[in-house]
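Chemist: Okay, here's the structure, questions in a sec.
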Amino acid sequence: MEDEVDASIRIVNKMLGEPETSSEPHTSKHSSDKPPHEKSVLSVDLRNLNPDNEMKKIFGSKVVQNEQNKRRGRGRAHGRSTVLVSQKNWPHLGKPGLSMRLVETKDDVHFFAFEHSKQYQTIQLQFLEAVESFNPDNIVALLNTYPYHIDALIQFSDICRMGDDVQMAAELIERAIFYMECSFHALFNIAMGNCRLDYRIAENRSFYIALFKHLIYIGQRGCNRTSLEFCKLILSLDPEEDPLGVILMIDYYAIRSSQYEYLIKLYYEWNPTRNLGQLPNFAFSVALATYLLAVDDELPTFEADIMLQNALIMFPGFLLPMLNRCNVEPDKAVNSHTLFQRTSDPAALQQLLSLYIGRMHSLWKAPDIVHWLERQVREVITRHENVARKRRKKLRFVGTPRNILRHIILSDIRDATVLLPQDMMSTPIFGFDPLPPLDSISIYARPARPFSQEDRSVLGMFFRSLLPTFNAPREGGVEQPPREAGAQGGGGEPRGSNDLRRSVTSLLDAMRDLISNIHLADVPNEGDVDSDDDREG
């Protein structure tokens, strides 16, 4: 009979070691054997999708209301209501060529797909040509003519982010979501948790990508409860495949928003069938949530202690990097213990651990959390001296699943992006559709465009530069491989990097002019509601 460690390794290998293949039938999309609990943990509260409602709780209703009044003062509200983005003075553009159809209904689960009209298909082909030209000016020109084009808005949002204009980057994503929501099917009810979008269909992927980027931006504003709700929404669109790996960050926003009970509920309901405990983020975050909940309720932390000890035994590679990020110097007993010595963990596991540490270290560095961690490390050393020998069995990881790589790219957390496979650098990765599924379903033929010397222009470097591990080439040279941490020389930035920054700045100026010349009017937002206790008398 296999021991507990062997069983855990087998499960981790099964979860992380199966590469995505295009020949495998995609039967899970239409599986009628749905766990009955999925609806409850994936149901979305529309009020929690509006960051303004969360901001009211943080800053007060008057402050947020005054800002909303400024936005509404420039035009009369008209058009259809939306719930996915905060109210802006944007017009409804009629029918921009985007629509949604109901594909089928099975066991009370509705499967939908976005569709492009013939005219929109023509514009999309122009966009793909602009992208493959590696010249962002072509995207600006397309947006100038078609300001509602979804993928162009998403792609140019990355340009704004690269130019440190986060406000405009976030607004462009909100515009994209707004235009897609205006195209929803009448039965597409995001609150129920039973509406699905097949990620393999190219027209559907823009919605996923835009929602992912949106929740990152609103989380950066401190609206973590809102980001959690968007995590639930994205996960509900395809809970079985989870094409963007939302399960790898839902724990972060649950803890940041003090929704400990939700995270624990999700874990205990899904773990029996999905083995969430074999993912580093759930192994550690559920222990942390259990600890924080016990502290809040002034209860013993015994259950959380055991969970953290088990997580440390399963993933000892977590400890030293996390302590380093928390600026905590481990004692000699920890440094010398065989369990916690640096090992050659498989790349997939290293990526998951680095992603978790990069995202969560700010939560683990709190003094009381550090002290709790130190206590459990001592317990592990005392009680599990022989664990290290068992743990050093050779793990057989085939590779990192494509959805996890996609998540790492979109999350843009350097701890994890520096560990992306080097062979990914030879292929451009575009922000509007990073790492399309190998079994993608698309009406658009995109012939491969070989990399040429012309693509080494300053603007041509932009698209390849979206991948965080990209380094601008030195003058007269070629693109440099990613540098090792701490190995940067003292010669300053290469000339190509400065030229690229200036070019991006000029592009942003052009985009600001474009945005300012679009005359807009208010659109009411159904999610923009005041609770009774928020209203002023």
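The values are calculated or read from the model by the stated rules, or taken from the named source; none is laboratory data. Here the structure is a predicted model, which is why all the values come from computation and not from measurement. When we count neighbours, we look across all protein chains shown, and the Cβ atoms used for this are built from the backbone with ideal geometry, even at glycine.
Chemist: Can you pull out the residues in the range 141-161 that are hydrophobic (A, V, I, L, M, F, W, C) and surrounded by fewer than 19 Cβ atoms within 10 Å (Cβ to Cβ)?
Modeler: Passing the criteria: only ALA141.
Every residue, every condition in (1) surrounded by 18 or more Cβ atoms within 10 Å (Cβ to Cβ); (2) more than 27 Å from HIS371 (Cβ to Cβ); (3) of a type outside the set (Gly, Ala, Ser); (4) free of Cβ contacts under 8 Å to residues at least 60 places away in the same chain, yes or no:
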position: SER206; (1), (2), (3), (4): yes, yes, no, no
position: PHE212; (1), (2), (3), (4): yes, yes, yes, no
position: ILE218; (1), (2), (3), (4): yes, yes, yes, no
position: SER227; (1), (2), (3), (4): yes, yes, no, yes
position: ASP242; (1), (2), (3), (4): yes, yes, yes, no
position: GLU261; (1), (2), (3), (4): no, no, yes, yes
position: ASP296; (1), (2), (3), (4): no, no, yes, yes
position: THR301; (1), (2), (3), (4): yes, no, yes, no
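Chemist: Looking at the range 365-375, can you tell me whether even one residue there is in a helix (DSSP H, G or I), among the basic types (Lys, Arg) and touching a residue at least 24 places away in the same chain (Cβ under 8 Å)?
Modeler: yes
Chemist: Would you check if ALA152 is assigned to a helix (DSSP H, G or I) and under 16 Å from LEU98 (Cβ atoms)?
Modeler: yes
Chemist: Sticking with this one: Which one of VAL328, VAL370 is closer than 27 Å to LEU266 by Cα and β-branched (Val, Ile, Thr)?
Modeler: VAL370 is the lone residue from the list that is closer than 27 Å to LEU266 by Cα and β-branched (Val, Ile, Thr).
Chemist: Here are ASN281, ASN271: which of them is outside any loop (DSSP other than H, G, I, E, B), within 30 Å of ASN204 (Cβ to Cβ) and in contact with a Phe, Trp or Tyr (Cβ under 6 Å, 6 or more places away or on another chain)?
Modeler: Exactly one residue qualifies, and that residue is ASN281.
Chemist: Kindly provide the set of residues from the range 314-349 that are modelled with pLDDT under 90, among the polar types (S, T, N, Q) and in a helix (DSSP H, G or I), ordered by number.
Modeler: ASN335, SER336
Chemist: What is the number of the single condition among (1) assigned to a helix (DSSP H, G or I); (2) without any contact (Cβ under 8 Å) to a residue 60 or more places away in the chain; (3) more than 24 Å from ASP412 (Cα to Cα) that TYR179 does not meet?
Modeler: Every condition holds for TYR179 apart from (2).
Chemist: Considering only residues of the range 39-57 that are under 11 Å from LYS232 (Cβ atoms) and polar (S, T, N, Q), which is surrounded by the fewest Cβ atoms within 10 Å (Cβ to Cβ)?
Modeler: SER40
Chemist: Which one of these is at pLDDT below 95, in contact with a helix residue (DSSP H, G or I) (Cβ under 9 Å, 6 or more places away or on another chain) and either more than 21 Å from TYR253 (Cβ to Cβ) or of a type outside the set (D, E, K, R) (or both): LEU363, LEU395?
Modeler: That would be LEU395, the only listed residue that is at pLDDT below 95, in contact with a helix residue (DSSP H, G or I) (Cβ under 9 Å, 6 or more places away or on another chain) and either more than 21 Å from TYR253 (Cβ to Cβ) or of a type outside the set (D, E, K, R) (or both).
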